[in-house]
Every structure is written in structure tokens, then in C-alpha cells.
Ligand code: ADP
Ligand code: MG
């Protein structure tokens, strides 16, 4: 055996990056989550070659102070929690302080940021784990993060990337879900100069659905709601308008997109016998739950969550979706083309 050594920070961050940054879409997800946590009302995402060449996310959020710019890129550096107890009342999407250092370890990263009440902005660039001097720069209020040449220094990871079209497809899918998760935020996704998706950000979920899925799906959706515990709101398609996969299931808990077999099975139970085998509804469902009732600290990608007690939640979901079928379909609020 060789002597035991502590890994240098770049190597440690590159290894940690394996958990957080698998492909361009994972970078986009982390950067959008940071923009949302910063209180942004507008988030613009531009990608080049499916994000493999460059990803740029700009927001109009609170910004990062010049003194914090080189702390933000350190591992376990976060402004969102201080103790593990804070996870019980988590109101942010991020909390691990891992995204920026991980992205910085496997790309060429630049962050430009201007605080709300500041007249100038500042920029930091990181390459090969080394950050350059912080320089003053003219920039709008908010933050712009640019990620160039993802995996340029980790060729083994780069090999697993697919074509720009495939990577862009995953990014577009993610931005769509983000737009559905936060109808109060305007999201724009650009493939270089081409607009791929743009949501209005006027807090109207129906209009966000229209922007993401288009008129054909939107017109066939009915509103669901459940007051009390848990609060449920959203839209589901009528049984005559189904898809060939579960890809169009969107569950959001307190605005966080989650994957949940259990919620999916309640949804399907509501449609049971109403739709043919191997056909699936479209669903955009928001649940509001006390953060104490579930745990998001399961995996760095944070898509899976653990519920403390799922049964009342499943029951309420089942009832609220079933209520759509219980009344004549023309008497339920429906999405009209904006
Ligand atoms: P986390 O989101 O888990 O805190 P990150 O590595 O993603 O960790 O970000 C580190 C810190 O940098 C955040 O806690 C936040 O203070 C700051 N930050 C990152 N992105 C932004 C942004 N777009 N606007 C404002 N602050 C940001
Ligand atoms: Mg983050």
C-alpha cells in the first residue's frame, strides 16, 4: 500500500463533480436553482452545442457581493443553511454548497454579478481549480454564470455526452419543468440565438402550461384543487387526451420538481379504467407541504424525496383528480389559449 494522502482540492472537486454534474443538463439545473434561490423573476438560459461548448445562465436576482465571489466557488460554501436543523425548514432549492465548486472543477467558469443596490458589478474566472483576480465590470443587476467547455479536463466524462440535439432536448425538458414549477418566474431558453421556450412569468400556471406544452395539450386540461392538508393545485388532462409515456407527469412539492412513484400511482389510480393500457395522462400538480413532512436530503441531485407519511397525501391526490371526472367536463375550469 502507498502512503495515505489527502486529495488536492481540484481532484477532490472533480470526484465530487461526478455526483452533481453528469452532463450539461445537470449544470443548467444547478444554475437555474441558484437563480431561483436568489429571488429572480427572470432567468435566461443560453446554450451552445447542447451546452457542451457553452452554457450561460443570467438572472435578475439579489447578486453576489464581490467579497463572496471567491467563497461561492469553494466546496461546502453556502449562504442557505448553517446547521443540519435548518434542513427541517428549508425554503431554498440548494443547500449543499457543492454546485459551483463542482462545475468549476470540470469546466472554465466565469461569474459576473452585481448587487441590487450597487452601481458596478464584479467578475471572477476559474480554470483548472484556480481563480483569477476579481475585476470590476459593467453588468446589469443580478448574476450571470458562464460555463465553457464542460469536461475539457475530464475526457472520460466527456465521452459519455451524446449529440448536441440530445443534450439540448434534455435541457429543454428541464427548463419546461422549471417553468411549470414556478409560473411566477419568466424563463427563456435559447439555443444560441434561437428561442426554444419562453414562459410569461405572470403567476398563471395555465399560461405556463401553454408555453411549455402548446395549445393541443393545454386545451385538454382541467383544473384540480384540494384545500386543507395537503394543499393541491394544478391541471390534468381529460381521459381522451393521453400520451404514450409517463414523461408528462410533473409533481412539484413547494415548487421543487420531484419524482415520486407513489404520487404517480395515485394519479394512475384516479384514471384507472378510464384510459387504455399503456396510455398516460399529462399532469402538472403542485403540492404544498410543511418541510418537516418530507426529506429532500436523499441524493445530491435531489429529485427523489422521502415522505414521513405518504398515505393522506396519496388519498387527497386521488380524490382531487377523481373529482375532475365526477362532473360534466364542460363545467370545470379549463385552460383557454392566451
Ligand atoms: P448552494 O446553492 O447549495 O448554496 P452553490 O455552490 O450552488 O451552493 O452556490 C454557492 C453560493 O453562491 C450560494 O449559497 C449563493 O450564496 C451563491 N450564489 C450562487 N449562484 C447565485 C446566483 N445566481 N445569485 C446569487 N447568489 C448565488
Ligand atoms: Mg446551488
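Things worth noting here:
- Taken over region 167-199, the criterion of being without any contact (Cβ under 8 Å) to a residue 60 or more places away in the chain and assigned to a loop (DSSP other than H, G, I, E, B) is satisfied by 183, 193, 199.
- Count of residues meeting criterion [within 14 Å of ligand 2 (Cβ to nearest atom) and on the phi > 0 side of the Ramachandran plot] in region 56-77: 1
- The single condition from (1) surrounded by 20 or more Cβ atoms within 10 Å (Cβ to Cβ); (2) within 15 Å of ligand 2 (Cβ to nearest atom); (3) modelled with pLDDT of 95 or more; (4) under 23 Å from residue 181 (Cα atoms) that residue 39 fails is (1).
- For region 277-296, filtered to residues that are exposed (fewer than 14 other Cβ atoms within 10 Å of the Cβ) and modelled with pLDDT under 90, the residue that is farthest from residue 88 (Cα to Cα) is 290.
- Looking across region 139-166 at every residue that is under 23 Å from the mean Cα position of the chain (by Cα) and in a loop (DSSP other than H, G, I, E, B), the one that is farthest from residue 106 (Cα to Cα) is identified as 141.
- Pick from region 102-114, criterion within 10 Å of ligand 1 (Cβ to nearest atom) and closer than 17 Å to residue 133 by Cα, ranking: surrounded by the fewest Cβ atoms within 10 Å (Cβ to Cβ): 111
- Flag if residue 68 is more than 8 Å from ligand 1 (Cβ to nearest atom) and farther than 24 Å from residue 305 by Cβ: no
- Subset of region 15-35 that is more than 15 Å from residue 56 (Cα to Cα) and modelled with pLDDT of 90 or more - its residue that is nearest to ligand 1 (Cβ to nearest atom): 21
- Qualifying residues in region 81-101 (those that are within 10 Å of ligand 2 (Cβ to nearest atom) and in a helix (DSSP H, G or I)) - the one surrounded by the most Cβ atoms within 10 Å (Cβ to Cβ): 100
- Considering the conditions (1) modelled with pLDDT of 95 or more; (2) in contact with a strand residue (DSSP E or B) (Cβ under 9 Å, 6 or more places away or on another chain); (3) surrounded by fewer than 21 Cβ atoms within 10 Å (Cβ to Cβ), residue 269 is excluded by exactly one of them, (2).
- Of the residues 205, 238, 263, the single one that is within 17 Å of the chain's Cα centre (by Cα) and not assigned by TED's automatic domain parsing to the domain that holds residue 102 is 205.
- Test: residue in region 117-129 that is within 12 Å of ligand 1 (Cβ to nearest atom), assigned by TED's automatic domain parsing to the domain that holds residue 40, in a helix (DSSP H, G or I) and within 20 Å of residue 14 (Cα to Cα): no
- Of note, residue 65 does not satisfy the criterion of being under 14 Å from residue 145 (Cα atoms) and at pLDDT 95 or above.
- Residue 117 being farther than 22 Å from residue 304 by Cα and at pLDDT below 95: yes
The values are calculated or read from the model by the stated rules, or taken from the named source; none is laboratory data. Quick caveat: nothing in here was measured; it's all calculated off a predicted structure. Don't worry about glycine lacking a Cβ; one is built from the backbone with ideal geometry, like all the others, and counts go over all protein chains shown.
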